[in-house]
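Computed from the coordinates by the stated procedures, all read-outs in this text should not be read as laboratory data. Just so it is clear, the structure is predicted and the values come from calculations on it, not from any experiment. Positions of Cβ are backbone-derived with ideal geometry, glycine not excepted, and every protein chain shown enters the neighbour counts.
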Amino acid sequence: MQSKFSNSTARITQLGRRGCDLMEALGRAGVFLFQSAIGVPSREGWRLWLHQMHFVGVLSIAIVLVSGLFIGMVLALQGYTILVDFGAEQALGQMVALSLLRELAPVVAALLFAGRAGSALTAEIGLMKATEQLTSMEMIGVDPLRRVVAPRLWAGFVSLPILTVGFSVVGIWGGYLVGVEWLGVFEGSYWSNMQASVTFINDIGNGMIKSAVFALVVTWIAVFQGYDLVPTSEGISRATTRTVVYSSLAVLGLDFVLTAIMFGGL
Amino acid sequence: MKRSKTMEFGVGLFMVAGILGLVFLGLRVSGLTLSAPTQSFKLEANFANIGSLKPRARVTMAGVTVGRVEAIELDTQWFDARVVLILNSELEGQLSKDSIASILTAGLLGEQYIGLSVGGDPEVLENGDTIRDTQSALVLEELIQQFVSNMASN
């Protein structure tokens, strides 16, 4: 009886500790974001940012563009087989463009970005922490948040929207290849239906807002997981996994919320 | 140093490509136009029912697109729809006063647009004039209702 009672109190204590840990982690993440994002970048900071733009943005171009091409092509193929039943295959361009700009480009580019760049950021910062490079920086009076974290955060925030634009452009071109060149949809109606239905502010603008939000969230999760991990080899592998899992879930969940606000009239 | 220069060049190229992509999306996909507003002129037309005509819909003449619908609003004097049309300036002073504007549908399920056809009046429509002769949109429910009531009366 006694042991059962103490067992359940232990369980409740553990639950409470979990909750406190979660809140502390959230608080640390918030303070962390604030401390690294503020401050005017020096000339050195610009150089570091440029270096990260290369690593995070330029080197992600290939995977994002190839995925965009295939997703556009698949959309056109699937859309055609559905629309042709209603004799409405002229609406193919509209379907491809709207689904890419509103949903697929921001979401899929963010997921790819989390896998390609986010995990690498976590592992890199994590290894810096495990080998005590971050502590040594503090010892010589360099703030690791400004020196290591801030350039990566800003590079991710700038490069994901650019990658999303590339994804959309290539996807629409892929849809054109399959729909017009292969399946024989009239070229004029592919473009004109698209132009008649896509609006710059509502569709492209909202897609860009989504992309910017995802960029912030994915990069934030990646650098924070790297900065906050247990500095062992196992800790690094766990943090890398967590980065991909958390950012994918955050992107998909936030996508629903943002879509509900933008298009659901919430 | 050389490696750093190529890296900077790559990042610059990446950002320029992003901006160009956005311009492509704006111009080619969403159909923003950069044409100056002076190259067009304005006409108004009142319709008893516009159906599902939308702003930015096409205005055609003999099937050729000659302009677009700028705005649609309710005329509170007559309680019909006032549609503002923006037409190519080459038509200014060419359309006769008794031109007809009708709301047509592209295909069975397609979008609605405005078709213009010229009359024979020697007087012409100028910027800001109103087209008197209009044909409303075909509303399927009204058509069915007419058909049913005809059947009943026969």
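Computed values, structure above
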quantity: Partner chain coverage, peptide A:15-27 - average Cβ within 10 angstrom; calculated: 0
quantity: Peptide-level mean, for A:192-202, of C-beta atoms on other protein chains within 10 Å; calculated: 5
quantity: 10 Å Cβ neighbours from other chains, averaged over peptide A:50-56; calculated: 4
quantity: Given charges at beta-carbon only (K, R positive; D, E negative), |dipole| of chain A in Debye; calculated: 920
quantity: Dipole of chain A, positive direction: furthest Cα of A:ALA114, A:THR199, A:MET137, with charges on the beta-carbon; calculated: A:MET137
quantity: When the convex hull of its Cα atoms is projected in every direction, mean area for chain A (nm²); calculated: 20.2
quantity: Inter-site label distance for B:GLN94 and B:THR130 at 7 Å from Cα along Cβ, in nm; calculated: 2.6
quantity: Cα centroid of the range A:145-198 to Cα centroid of the range B:110-154, whole Å; calculated: 41
quantity: Amide H contacts under 5 Å for B:ASP80, placed H, 5+ residues apart; calculated: B:ASP75
quantity: Chain B: angle of helix B:140-153 to the longest principal axis, Cα-based, in degrees nearest 10; calculated: 20
quantity: Kirkwood-based Rg to Rh ratio, chain B, C-alpha trace; calculated: 1.23
quantity: Using a Förster distance of 35 Å, the FRET efficiency for A:ALA62-A:ARG17 (Cβ separation, nearest 0.05); calculated: 0.20
quantity: Gain on full stretching of the segment that runs from B:VAL64 to B:ALA106 - 0.36 nm per residue minus C-alpha separation; calculated: 13.8 nm
quantity: Chain B - mean residue ellipticity at 222 nm from DSSP helices (-39,500 (n - 2.57) per run, n ≥ 4, rounded to 500); calculated: -8000 deg cm²/dmol
quantity: Taking A:MET53, A:MET208 and counting other C-beta atoms within 10 Å, the order from fewest to most; calculated: A:MET208, A:MET53
quantity: Net charge, B:ILE50 excluded, C-beta distance under 10 Å - Lys, Arg +1, Asp, Glu -1; calculated: +1
